[in-house]
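Inspection log for the structure reproduced underneath, given as structure tokens.
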Amino acid sequence: MRLWHEKLITKLPRQQLLGQHRECCALRGNGWGKKHATVNYVFYYSPYRLFLYHQLIMDEMKTRGYCVGPLWENPFYRGKACSQHTEDSLYAPEGKAPQKRPIYPEHDEVYLRECIDNLKAKGIHICF
């Protein structure tokens, strides 16, 4: 799975949005640090950036009326099977990430086009 470009979050169909939530939950939990070609870049940064990205997903879910487990809104939470982050583990290796866009520098215009093409191949057409 991939993390969709931030500009697409509000336009994602239900299935992709909820799938993105599940992916974020997995990555925040025991999936942290487990190599996967399309999401390896998240491990270059602090887990806090993943929380910030996940917050965008959860905000969109709430906007659409979907329920979000309130525990996931705690940046230290990692799921039932994982111990919580500490201050050091959440913000390492870069300290508290600035809240600017894009959260991940890899989410550039080239990546946006790649995501749009990926969705199009699934029969999902998103226009800007």
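The values are calculated or read from the model by the stated rules, or taken from the named source; none is laboratory data. Note that the structure is a prediction, hence the values are computed from the model and not measured. All Cβ positions, even for glycine, are placed from backbone atoms using ideal geometry, and neighbour counts span all protein chains on display. Remember, those area values only see protein heavy atoms, side chains included, never the ligands or the DNA or RNA. Shrake-Rupley method; radii C 1.70, N 1.55, O 1.52, S 1.80 Å.
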Checklist entry - Does Arg113 satisfy the criteria of being farther than 20 Å from Val39 by Cα, among the basic types (Lys, Arg) and at pLDDT 95 or above? => result no
Item to check | Contacts under 9 angstrom Cβ, first residue in the range 50-75 being under 13 Å from Thr10 (Cβ atoms) and of a type in the set (Val, Ile, Thr), partner open to solvent by less than 20 Å² (accessible area, probe 1.4 Å) and assigned to a helix (DSSP H, G or I), 6 or more apart | outcome: Ile57/Ile9; Ile57/Leu17; Ile57/Gln20; Ile57/Cys24
Checklist entry - Would a scan of the range 4-22 turn up a residue that is aromatic (Phe, Trp, Tyr), open to solvent by less than 40 Å² (accessible area, probe 1.4 Å) and out of contact with any His (no Cβ under 6 Å at 6 or more places or on another chain)? => result yes
Checklist entry - Consider Tyr53 against the criteria (1) open to solvent by less than 30 Å² (accessible area, probe 1.4 Å); (2) hydroxyl-bearing (Ser, Thr, Tyr); (3) over 11 Å from the mean Cα position of the chain (by Cα): it satisfies all of them except one. Which criterion is unmet? => result (3)
Item to check | Residues located in the range 79-128, provided they are at positive phi and surrounded by fewer than 10 Cβ atoms within 10 Å (Cβ to Cβ) | outcome: Gly95, Gly123
Item to check | Residue count, the range 47-86 (criterion: in a loop (DSSP other than H, G, I, E, B) and out of contact with any Ser or Thr (no Cβ under 9 Å at 6 or more places or on another chain)) | outcome: 18
Checklist outcome for this item: Reported set for the range 23-46 where residues are in a helix (DSSP H, G or I) and within 21 Å of Glu114 (Cβ to Cβ) is Glu23, Cys24, Leu27, Asn40, Tyr41, Val42, Phe43, Tyr44
Checklist entry - What number of residues within the range 23-39 satisfy the criterion of being open to solvent by less than 40 Å² (accessible area, probe 1.4 Å) and either closer than 19 Å to Arg101 by Cα or of a type in the set (Gly, Ala, Ser) (or both)? => result 4
Next on the checklist: Here are the criteria: (1) open to solvent by 40 Å² or more (accessible area, probe 1.4 Å); (2) more than 20 Å from Lys7 (Cα to Cα). Tell me which single one Arg64 does not satisfy.
Outcome noted: (2)
